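Just so it is clear, none of the values below were taken in a lab; they were calculated from the coordinates. Every value quoted in this text rests on a predicted model; they were computed, and no experiment measured them. In this analysis, Cβ positions are derived from the backbone assuming ideal geometry, glycine residues included, and neighbour counts consider all displayed protein chains.
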Amino acid sequence: MKRPLLTLATLLMLTGGHAVASGGGDDPTDEFVNRSRTDVALGRYQAGHLGVVLPSYVRSNLFTAWRAVMLGAPGLRAAPNAAGGLALVEERRSGGWQDQQKGGDIYKAWRAAVRGALKREMEPAPDADPLVNSYLNCPVASYQFATHTLGDLSARADATPARLAAWVATQREVFKACGDDPLDRKNAYQQTRKSVQPAPLAAAEPLFWRQVQEYQLGSAAFYSEDYARSTALFDKIGATEGHPMRAWGDYLALRSQGRAALYVPGTPDERWRAREAQAKESPADQAARQARQQQALADVEARVGRIVANPALAARHGDSRAIGRILQARFTPVERYAEVSRLLDDPRNDPYLDDRLGDWLALADRLAETPAATPARPAQRPASSLVDWVMTVQQCAPYYPDDNSEYATKVAETCAPSRTHAHERWRHYAKAGNAAQARAWLFASAMISGKLAPEMEQALLQVAPSAPEYLTVRYALARHYRLAGQAEKARALGEAELTGALLSSTASDSARNLFLQERFAVATSLTDAARYLLRSRGYKVDSDTGEPAAVQDPYTVARGRLAADGKRWLNAGLAASDLLTLAADRQLPAEERGRIALIALMRFDMTGQYQAAVKATQLVEANAPELAPVMKRYRELTPNAERHHWLLLTALKYGFSPMRNTWALPVPYVPRAVEETRADMWCKMPSSGEKEYQENGWSGQSVWVEQAPTMPQVAGVDAARRKAELAQLGALKTATGYLGDHVLQRVAAKPKDADLPWLLHVVVRSTRGGCLDDDAKALSKKAYTTLHKRYGNSEWAKKTPYFY
């Protein structure tokens with residue numbers, strides 16, 4: 001069986017941690033742009049199809065981009081670039097995280113092998129086995145190896161039911177030692193490791209079967225953290241002529257020896273505390289510990305040397321060298337980091353040989369954190385050009401909106417030394433005639449610079465479409481033109497790329513959406529903005545491998561959705577009349593036109609513009625026919641106070657809002673469940689275009705700008721009307737407070753309204769949490785008292801036993 005090459009990520013396992021789980025994405029909240037890593041399939045990205053690279057990408061992505069730009073497209077094709085290398089590095093970097101479905105399938109295959117060999121089900125029964133649909137604590141490779149071995153043993157002529165049952169029983173003890181006991185799963189991830197020592201087979205058993213079990217005995221000792229015993233047992237296997245597992249003996253003894261050198265006993269919490277205690281040890285204790293580590297490293301390197309010198313063990317050479325590197329990284333990290341940095345500094349070297357890139361990344365996590373920098377004290381620059389480049393780019397990783405906020409100012413100050421440094425490096429290498437380094441530093445400067453110097457603009461314009469960095473520098477140019485007030489240039493550049501073949505061929509949603517953000521930000525009119533308002537994610541990508549998912553989502557391919565920049569624009573950038581104009585623009589899909597028309601309707605009504613509201617109902621009805629009865633009723637009602645009540649009641653039932661929330665109402669529109677309805681339609685609305693609309697209520701989210709540019713300032717917008725409307729809306733309470741005040745007024749004016757008991761119940765329940773006003777507690781008590789005093793016999797009074 002092929003074993004995976006060990007990497008520095010296995011340090012987590014070598015220090016005793018076995019628990020695995022499936023991790024989620026680590027991107028900042030941006031539905032349409034990957035901010036922390038590329039969304040280009042990793043095989044294509046490794047081949048130089050970079051899309052738009054962001055400074056916030058993980059180091060593996062930044063290194064890959066740096067190497068591609070340093071070599072250029074022809075040089076990258078000629079250099080060593082093992083297929084699947086980057087994907088394998090990313091897989092190893094996951095630190096043992098495991099896909100639950102994959103683990104379940106492997107475990108089921110193990111159960112099936114046992115059933116086939118023993119002619120009976122393994123206990124417990126499949127429907128009672130917690131491992132069938134859970135994460136495996138033991139490495140999946142151990143199950144695969146056991147399944148394969150059991151199949152070979154079952155095919156032997158001397159395989160008896162008793163011998164196979166004994167082998168299975170011992171193997172189950174091995175799995176118990178590493179944490180997978182289907183008969184006892186209590187607190188499996190935090191328990192101290194169980195010591196398991198299966199009984200050896202009787203001496204009367206044939207030698208072959210006793211020797212096969214010796215491998216299991218060594219494994220049980222290994223997982224029980226008895227490394228002296230496991231090393232001795234594996235040494236014996238490797239030294240025994242004709243032993244069926246001899247080819248594994250020396251390597252497994254090395255692995256056991258390496259684990260012993262890194263071993264810290266106890267639970268995960270105890271191991272963590274032990275590591276913290278190292279920072280406080282005395283100089284004498286530190287020297288003694290380092291001496292022990294150096295001796296352990298020397299012993300391991302000596303064994304690695306013996307294995308690598310033995311041609312018969314060629315299949316184990318790579319894994320053995322990896323174990324030596326692991327200990328070098330732990331015990332001599334500075335020296336090992338310098339070595340791999342030197343190797344990777346020449347992009348012509350193979351970054352995937354002996355997992356150089358993986359080792360560098362693991363060590364960089366400990367040794368190359370970007371130092372804090374200020375204009376007065378620039379960050380220290382390392383000797384390695386690669387490390388210098390990555391640290392410089394990462395210093396500007398927190399992308400910030402183009403505003404004058406305190407956060408943006410702070411990030412700009414932190415980034416300033418790196419911007420200066422990148423520009424100086426580019427000019428230095430360009431003057432020195434070092435084309436590769438000049439390209440790399442121009443690439444960095446394009447990503448992080450705040451202003452576009454004339455000589456830099458000319459250099460960026462010279463980047464050929466065939467260059468790996470082309471889309472990144474074109475995106476940078478579009479951004480710089482916008483920031484410099486050169487909107488016409490920004491529009492022309494954005495149009496060229498969005499309609500060109502290169503951006504489409506990259507198959508990167510992030511790249512396309514970044515260009516759409518920039519083009520939307522310099523829109524000239526409502527009609528122009530509508531063309532770039534929606535975003536989509538057509539290429540679904542596996543979050544672990546970066547490869548395209550097997551099943552693509554036709555909904556996201558065919559339709560776009562509003563991103564945060566569009567939501568902000570609708571919320572604070574337009575008057576209700578502008579919204580109505582936009583809602584009639586057939587460039588947008590009907591469902592989005594209907595949503596925008598509903599926002600306009602709510603705003604017209606809530607600001608007293610009832611004739612305009614009536615007009616808006618017609619547009620709502622045209623794009624959402626299922627709402628025709630509701631809209632017709634609004635038009636028929638008089639006086640306007642009844643229209644307002646009807647719309648507010650309907651908004652509550654359906655969830656209509658004068659704000660474009662983070663969530664979109666499902667289409668076709670259906671009323672919400674009566675029991676679950678809350679006044680959660682809007683939070684405190686912005687009072688001006690400079691204010692953000694924050695949601696921290698029932699949806700638990702905020703409409704923020706997703707690190708996108710500022711909203712467009714398009715021609716034809718009724719600015720005066722917008723300002724007046726926002727001031728009116730911003731003075732209103734949250735939906736809970738607004739509805740509560742309205743309902744209490746309705747009680748006084750129309751006490752026999754049949755909806756009032758339910759409405760009072762909703763008001764009380766809505767004050768339990770979500771977006772609330774300062775007087776929410778008083779409102780809750782007043783609505784509760786009114787409900788029980790006036791409508792105490794109603795079902796809704798009985799369902800409202802408390803106020804909040």
Checklist entry - Taking a 30 Å limit on the Cα-Cα distance, which of the listed pairs Lys632/Lys733; Lys615/Lys781; Lys119/Lys176; Lys489/Lys567 fall beyond it? => result Lys615/Lys781
Next on the checklist: For a quick size check, give me the Cα extents of the chain along its three principal axes, largest first, whole Å.
Outcome noted: 100, 79, 55
Checklist outcome for this item: Honestly segment 733-804 on the Cα gyration tensor test (a ≥ b ≥ c root eigenvalues; a/c under 1.5 rounded, otherwise a/b vs b/c for prolate or oblate) is just oblate
Item to check | Degrees separating the helix 776-790 axis from the principal Cα axis of the chain, which is the longest one | outcome: 60
Next on the checklist: Kirkwood Rh over alpha-carbon pairs of segment 561-728, then Stokes-Einstein at 25 °C and 0.890 mPa s: what D in µm² s⁻¹, rounded to an integer?
Outcome noted: 152
Checklist entry - Given +1 on the Cβ of Lys and Arg, -1 on the Cβ of Asp and Glu, and no further charges, what dipole in debye does segment 111-234 carry about its Cα centre, rounded to the nearest 20? => result 60
Item to check | Cα gyration tensor, segment 445-489 - rounded (a/c under 1.5), prolate or oblate | outcome: prolate
Checklist outcome for this item: Ranked on Cβ counts within 10 Å of their own Cβ, fewest leading, Tyr223, Tyr693 go Tyr693, Tyr223
Next on the checklist: Would any residue of segment 573-588 have its amide N under 16 Å from a label point 7 Å out along Cα→Cβ of Ala622? List them or say none.
Outcome noted: 577-588
Checklist entry - Counting only residues 5 or more places away or on other chains, whose amide H sits under 5 Å from the amide H of Val53 once H atoms are built in the peptide plane? => result Thr472
Checklist outcome for this item: About its Cα centre, segment 561-728 carries a charge dipole, from +1 on Lys and Arg Cβ atoms and -1 on Asp and Glu Cβ atoms, whose size in debye to the nearest 20 is 240
Checklist entry - For segment 224-372, what class follows from the C-alpha gyration tensor (a ≥ b ≥ c being the square roots of its eigenvalues): rounded when a/c is under 1.5, otherwise prolate if a/b is larger than b/c, else oblate? => result oblate
Item to check | Long-range amide H partners of Leu562 with built H, under 5 Å | outcome: Arg535
Checklist outcome for this item: If every Lys and Arg gets +1 and every Asp and Glu gets -1 at its Cβ, then about the Cα centre segment 733-804 yields a dipole, in debye to the nearest 20, of 260
Checklist outcome for this item: Rounded to the nearest 10, the angle in degrees between the Cα long axis of helix 333-344 and the longest principal axis of the Cα atoms of the chain comes to 80
Checklist entry - Based on the Cβ-Cβ distance of Glu123 and Arg768, what FRET efficiency does E = 1/(1 + (r/R0)^6) give at R0 = 51 Å, to the nearest 0.05? => result 0.60
Checklist entry - Taking the Cα atoms only, what angle lies between the long axis of helix 719-730 and the longest principal axis of the chain, rounded to 10 degrees? => result 70
Item to check | Where labels lie 7 Å past Cα in the beta-carbon direction, separation of Arg635 and Lys723 in nm | outcome: 3.5
